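Following: one structure in structure tokens, then a few remarks.
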Amino acid sequence: MRQGDPKPIDPSKKPARGLLHKRVSFEHFELTRFEPSDDLAGWVEHHWMVLYDLGDRPPYTQRNLSHPNQHVVIDSRGETGIFGAATGVFETTLSGSGRVFATKFWPGAFRPFFGRAVSALSDTWLPVETVFSRTSESLQSEFSRLNDPVGMAERMEDLVRAQLPKADEKAGLARRIVRFAETNLELVSAGELAGVFGLGLRALQRLFDDYVGVSPKWVIDRYRMLEAVESLNAGGPETLTALAHRLGYFDQAAFNHAFEKLTGAAPGTFVARQEG
């Protein structure tokens, strides 16, 4: 039974993370997020909706750093399905007008729905009917007639509830470990992360392949890069050297190399584009 309706998330209290050049992004689309209903809060992190109307402006390519999550996405462009984590930079091109609505599952939480290792979803997507009782086509058709994002969230939650699996202890463990990596950015090795939870490295790697979809080292490195992007987007007084050291890099050169390898731009160039 539903307990409490989805509620909007205040971006000033919980900002969206992972948008490259966030200021420019929000000149091209609106992003709204909603907390899940109480009974699904252990499964769903939040719902989100992107609404865009570029009018006569040229197409815009948005680049994001993905989190270690799986999403059910309903896209007016026809790209509707179940999406895994993008291990590189995720790119999508917006043109004209449209809407994307999605439900984002907690790290580890989609594995009980999927029934097998969620690493099979990384860097790809599958039709909604692979897991749920509705087809991608029918959901897209239904959502095209809806205008209320809360109503969309409620429809998605009904879909999730209809196939709600039993609680899974390993899913909960995976979520706790991912959360620890997210909040302890000084971590630099998967072995260190495994030791915190009393696991061997191979056991942690198997857990992440099965329940998270990416490796423990990927998660550690990705959260460091997400923090770097947010810091550079904010344009605060912190120097690049100080940021590199805060994120556990040996020196600024190592940080610059890792950042450019992932995003395609050195930190200084990234900041210049953000300001331009």
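The values are calculated or read from the model by the stated rules, or taken from the named source; none is laboratory data. The model shown is predicted, which means the values in this text are computed figures rather than measured ones. In this analysis, Cβ positions are derived from the backbone assuming ideal geometry, glycine residues included, and neighbour counts consider all displayed protein chains. Quick note on the areas: whole protein, heavy atoms, side chains included, nothing else; ligands and nucleic acids left out. Shrake-Rupley method; radii C 1.70, N 1.55, O 1.52, S 1.80 Å.
Odds and ends about this structure:
- With respect to the stated conditions, Arg77 is part of a loop (DSSP other than H, G, I, E, B), open to solvent by 50 Å² or more (accessible area, probe 1.4 Å) and in contact with a strand residue (DSSP E or B) (Cβ under 9 Å, 6 or more places away or on another chain).
- Of the residues making up segment 220-253, those that are closer than 23 Å to Phe180 by Cβ and aliphatic (A, V, I, L, M) are Ile220, Met225, Leu226, Ala228, Val229, Leu243, Ala244, Leu247.
- Subset tally (residues that are farther than 23 Å from Pro8 by Cβ and either of a type in the set (A, V, I, L, M) or open to solvent by less than 10 Å² (accessible area, probe 1.4 Å) (or both)) for segment 88-106: 1
- The residues of segment 155-185 that are open to solvent by less than 70 Å² (accessible area, probe 1.4 Å), farther than 17 Å from Tyr223 by Cα and of a type in the set (A, V, I, L, M), listed by number, are Met156, Leu159, Val160, Ala171, Leu173.
- Segment 112-153: number of residues that are under 16 Å from the mean Cα position of the chain (by Cα) and at negative phi: 6
- For first residues located in segment 124-143 and without any contact (Cβ under 8 Å) to a residue 12 or more places away in the chain, partners that are in a helix (DSSP H, G or I) and lie 6+ apart or on another chain with Cβ distances below 7 Å form the pairs Glu129/Ser136; Thr135/Val128; Thr135/Glu129.
- Given (1) part of a helix (DSSP H, G or I); (2) touching a Lys or Arg at 6+ places or on another chain (Cβ under 7 Å), index of the condition Phe180 fails: (2)
- Residues considered: Leu226, Leu193. Of these, the only one that is in contact with a helix residue (DSSP H, G or I) (Cβ under 6 Å, 6 or more places away or on another chain) and in a helix (DSSP H, G or I) is Leu193.
- Among residues of segment 186-209, those that are open to solvent by 30 Å² or more (accessible area, probe 1.4 Å) and touching a residue at least 40 places away in the same chain (Cβ under 8 Å), counted: 3
- Condition met for Gly248 (modelled with pLDDT under 95, open to solvent by less than 50 Å² (accessible area, probe 1.4 Å) and in contact with an Asp or Glu (Cβ under 9 Å, 6 or more places away or on another chain)): yes
- Selection status of Pro59, in contact (Cβ under 8 Å) with a residue 12 or more places away in the chain and touching a Pro at 6+ places or on another chain (Cβ under 7 Å): no
- Selected residue (only one of Ala120, Ala85 is touching a helix residue (DSSP H, G or I) at 6+ places or on another chain (Cβ under 9 Å) and either buried (at least 21 other Cβ atoms within 10 Å of the Cβ) or modelled with pLDDT under 95 (or both)): Ala85
- Total residues in segment 13-28 satisfying the condition of being closer than 17 Å to Gly235 by Cβ and either surrounded by fewer than 13 Cβ atoms within 10 Å (Cβ to Cβ) or out of contact with any helix residue (DSSP H, G or I) (no Cβ under 9 Å at 6 or more places or on another chain) (or both): the figure is 4.
- Within segment 1-57, the set of residues being among the aliphatic types (A, V, I, L, M) and part of a strand (DSSP E or B) comprises Leu19, Leu31, Val44, Met49, Val50, Leu51.
- Looking across segment 221-245, just one residue is free of Cβ contacts under 8 Å to residues at least 24 places away in the same chain, under 20 Å from Arg63 (Cβ atoms) and open to solvent by 50 Å² or more (accessible area, probe 1.4 Å), and that is Ala234.
- Extreme residue, most open to solvent (accessible area, probe 1.4 Å), among residues of segment 42-73 that are farther than 26 Å from Val178 by Cα and touching a helix residue (DSSP H, G or I) at 6+ places or on another chain (Cβ under 9 Å): Leu51
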